[in-house]
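Report on one structure; see the data block that follows.
The values are calculated or read from the model by the stated rules, or taken from the named source; none is laboratory data. Every value quoted in this text rests on a predicted model; they were computed, and no experiment measured them. Cβ placement follows ideal geometry from the backbone for every residue including glycine, while neighbour counts extend to all protein chains displayed. Heavy atoms of the whole protein, side chains included, go into the accessibility calculation; ligands, DNA and RNA do not. Shrake-Rupley method; radii C 1.70, N 1.55, O 1.52, S 1.80 Å.
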Amino acid sequence: MNILFERILKSHIKSALVFLFLIFGLYYSSVDNSFQYDDKHSIVENPHIRSLGNVPMFWLYPEFFSRDPENAMYRPVVLSTLAFNYAISDYQVESYHLLNILIHSICCYSVFLLLLLIGGNRTISFICTLFLAIHPLCSQSVNYVSSRSELLAALGLVAALGAYVRYAVNRTGPWIFVSILFYCFALFSKSIAIIFPLWIMAYDFQTFRSLSLKRYFPFLLISFLYLLFTKSLLINAIFDEPVRTLNVQFATQCKALAYYFYLIFFPVGQNIDHAFIESYFFDFTVILVTVFVFSFLYFLVRRNYFLLGSVIAFSSLIPTFVVPLNVMINENRLYIPLIGLCILISTYGTRNKLFFNKGLLIILAVFFVLFTSKRNEIWSDEFSLWHDANKKNPYSYRAGIYLGHQLRKMKDFQGALHHFERVLELKPYNPVARAGLALTLQQKGELKEAVKEYKKTLKEHPEMKDLNYNIGLVFQLMHQNQKSIEYYTKVVDDSPHFSLSLNNLGAIYENMAMIDSAFYYYRRSFQLGSIDAKKNLGRLEKRFIEEIEDSLGSGEWNKAEALCRKMLDLYEAHQLGEFYFVISLFEQRRFQESLVENRKLISKFPDFFEGHLQLANNLETVQDFSGAISVYLQLLDMPLKADFEDIVLKRLNKLTKRDK
């Protein structure tokens with residue numbers, strides 16, 4: 001066994017394959033796990049990732065990150081990979097998960113190579129990286145497709161540091177450019193990568209190299225330009241619309257450090273929504289953590305060989321102290337700190353020639369694999385994820401609301417109502433919970449109660465203008481057309497439901513036999529990309545054609561003409577509609593009008609065989625035989641089917657004999 005282990009360690013390819021097979025084996029059962037949480041607005045309902053042609057736009061417009069412009073983030077690398085996934089598999093979730101697993105595998109192997117570069121013992125470095133690969137806290141970053149940003153940023157940072165170390169050791173210029181490129185890759189994956197200059201300073205300090213502004217300048221310049229480009233997003237998050245005040249955010253994240261420390265070493269009770277409340281500067285835990293941090297800084301000054309791992313472990317959490325986020329505790333934020341911890345343990349083990357007890361390592365590895373496998377199961381679908389969250393944190397508004405919506409989708413309306421009502425007991429003016437309650441009542445069929453709850457929510461929170469769509473839909477279901485029209489027309493044009501509102505307005509007007517208005521709204525909705533509106537326009541067109549054909553078949557020429565005129569008012573150029581219009585005029589013996597419209601028809605559709613044939617027929621009727629012969633000869637130059645060609649030849653022969 002030891003011989004096999006040594007052979008693996010000596011071969012880079014074999015080492016890489018171990019990481020690849022281990023991680024794929026651990027996570028393969030999760031490849032068909034569903035999209036979760038923010039995946040809805042950033043992937044499933046994000047139209048921008050559905051075309052590789054949008055990739056250049058990802059680098060210019062942060063709004064392309066999501067379906068909702070207000071959720072804008074500058075992550076062009078992440079969006080490019082999502083567009084790649086969509087191009088090869090549409091929304092088949094397996095390819096998205098497989099790419100996440102692959103990135104995690106490459107990242108772990110890159111960490112192993114980095115440990116060797118900075119002087120780590122090969123065996124200790126390999127073992128440390130194996131535990132990083134299977135650590136349960138990595139499961140959120142791998143299972144949650146939107147957390148790909150964390151994986152890509154970590155990969156870019158580790159590669160950038162590795163290239164910088166090679167530059168420092170070998171003194172070769174190209175490596176510094178490689179480092180800069182990987183830093184850009186990380187920064188354009190997630191903004192937390194902006195802390196990278198601290199990493200290279202820590203490495204230089206740890207290895208007793210002089211700190212050099214000239215050496216750091218390219219990295220600092222890129223950081224400055226990045227902040228300059230994304231300043232509007234940062235100003236909005238920190239000053240204009242902060243989730244909480246800066247002092248509360250800072251104190252809360254101080255306490256979070258202690259909680260993160262606990263999670264890393266005791267990864268039990270993992271949750272998508274941890275039970276964690278805001279803190280203030282005079283909280284005991286905050287004071288304790290502050291004392292610990294300063295004590296640790298003093299320790300680092302005395303023992304600088306632990307500096308790099310410590311800086312990597314703590315620096316990626318620095319942005320969370322400044323930028324208030326909705327979720328106070330998030331497990332995927334620990335992906336990079338785990339890399340720092342891996343470096344710390346490897347450094348300590350290498351310096352002290354420490355080799356771990358094999359039995360303890362095996363037991364720990366088994367526990368890690370079991371915990372990670374359990375998390376994979378919990379991430380299998382949204383119900384499983386939020387049921388687990390609600391069970392572990394029953395006082396969470398977020399978990400209650402998401403679980404309520406999952407139960408609603410499963411048509412467990414009583415269960416859904418229970419959770420929405422529970423949230424409203426905890427927080428009576430929570431608009432999302434009340435809107436969820438209203439939606440559940442709507443789907444349950446209690447439409448009057450649903451309207452009441454929607455209106456109450458809109459009254460308490462007038463900024464939630466999108467609820468006008470929901471109210472309009474309920475009134476439509478109640479067949480109260482005028483009220484439905486009133487609310488649909490209040491839906492603003494930047495609403496995700498705007499296109500749906502237009503399509504539904506078309507349906508209402510169609511039911512009211514107001515075809516012009518129906519067509520107008522269907523067409524507007526279709527122009528915004530609505531598939532339903534496209535189907536409705538097609539059905540409306542088919543309805544027109546069928547009515548016209550029925551009128552022509554029954555000899556109601558006037559009615560057919562009126563229908564054709566109405567149709568052509570709506571459709572600027574419609575081949576069949578214009579053809580039937582020509583026929584309706586011809587059958588009323590209005591030959592000259594029919595000829596005029598016939599010539600318009602074939603000028604618009606020169607390859608329309610039936611149009612040419614009718615023109616020739618019309619010319620024959622008005623005894624313009626030479627004109628008819630000319631049209632028939634033109635028809636013979638067209639690629640005709642055999643039966644049509646026979647018709648033309650027969651008519652042409654008949655006219656030719658007549659002239660003779």
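Quick notes on this one:
- Close Cβ contacts (under 7 Å, 6 or more residues apart or on different chains) running from residues in region 62-81 that are on the phi < 0 side of the Ramachandran plot and open to solvent by less than 30 Å² (accessible area, probe 1.4 Å) to residues that are in a helix (DSSP H, G or I) and polar (S, T, N, Q) comprise Phe65/Ser42; Phe65/Asn71; Ser66/Ser42; Val78/Ser149.
Here's the yes/no breakdown for (1) open to solvent by 30 Å² or more (accessible area, probe 1.4 Å); (2) of a type in the set (Asp, Glu); (3) not in a helix (DSSP H, G or I):
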{"site": "Val169", "(1), (2), (3)": "yes, no, no"}
{"site": "Phe182", "(1), (2), (3)": "yes, no, no"}
{"site": "Ala202", "(1), (2), (3)": "no, no, no"}
{"site": "Ser210", "(1), (2), (3)": "yes, no, yes"}
{"site": "Pro218", "(1), (2), (3)": "yes, no, no"}
{"site": "Val248", "(1), (2), (3)": "no, no, no"}
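- Test result for Ser191, touching a residue at least 12 places away in the same chain (Cβ under 8 Å), open to solvent by 10 Å² or more (accessible area, probe 1.4 Å) and within 19 Å of Phe314 (Cα to Cα): yes
- Of all residues in region 551-605 being hydroxyl-bearing (Ser, Thr, Tyr) and open to solvent by 30 Å² or more (accessible area, probe 1.4 Å), the one that is farthest from Asp516 (Cα to Cα): Ser603
- Residue list for region 107-129, restricted to those being assigned to a helix (DSSP H, G or I) and either under 17 Å from Gln140 (Cα atoms) or among the polar types (S, T, N, Q) (or both): Cys107, Cys108, Ser110, Thr123, Ser125, Thr129
- Test: residue in region 438-448 that is in contact (Cβ under 8 Å) with a residue 12 or more places away in the chain, closer than 28 Å to Lys374 by Cα and out of contact with any Cys (no Cβ under 7 Å at 6 or more places or on another chain): no
- Thr230 meets the stated requirement of being of a type in the set (Val, Ile, Thr), closer than 17 Å to Arg75 by Cα, touching a residue at least 12 places away in the same chain (Cβ under 8 Å) and open to solvent by less than 50 Å² (accessible area, probe 1.4 Å).
- Residue within region 369-385 that is in contact (Cβ under 8 Å) with a residue 12 or more places away in the chain, within 23 Å of Leu439 (Cβ to Cβ) and outside any helix (DSSP H, G or I) present: yes
- Lone unmet requirement of (1) part of a helix (DSSP H, G or I); (2) open to solvent by less than 10 Å² (accessible area, probe 1.4 Å); (3) closer than 30 Å to Asn393 by Cβ for Ser310: (3)
- Some residue of region 329-348 being surrounded by 21 or more Cβ atoms within 10 Å (Cβ to Cβ), within 25 Å of Asp32 (Cα to Cα) and hydrophobic (A, V, I, L, M, F, W, C): yes
- The single residue among Thr440, Thr457 that is in a helix (DSSP H, G or I), open to solvent by less than 20 Å² (accessible area, probe 1.4 Å) and modelled with pLDDT of 95 or more turns out to be Thr440.
- Residues that are among the hydroxyl-bearing types (Ser, Thr, Tyr) and within 58 Å of the chain's Cα centre (by Cα) within region 620-638 comprise just one, Tyr632.
- Some residue of region 151-168 being within 31 Å of the chain's Cα centre (by Cα) and of a type in the set (Ser, Thr, Tyr): no
- Residues located in region 189-225, provided they are touching an Asp or Glu at 6+ places or on another chain (Cβ under 9 Å) and either over 18 Å from Gly162 (Cβ atoms) or modelled with pLDDT under 90 (or both): Lys190, Ile192, Ser210, Leu211, Ser212, Arg215
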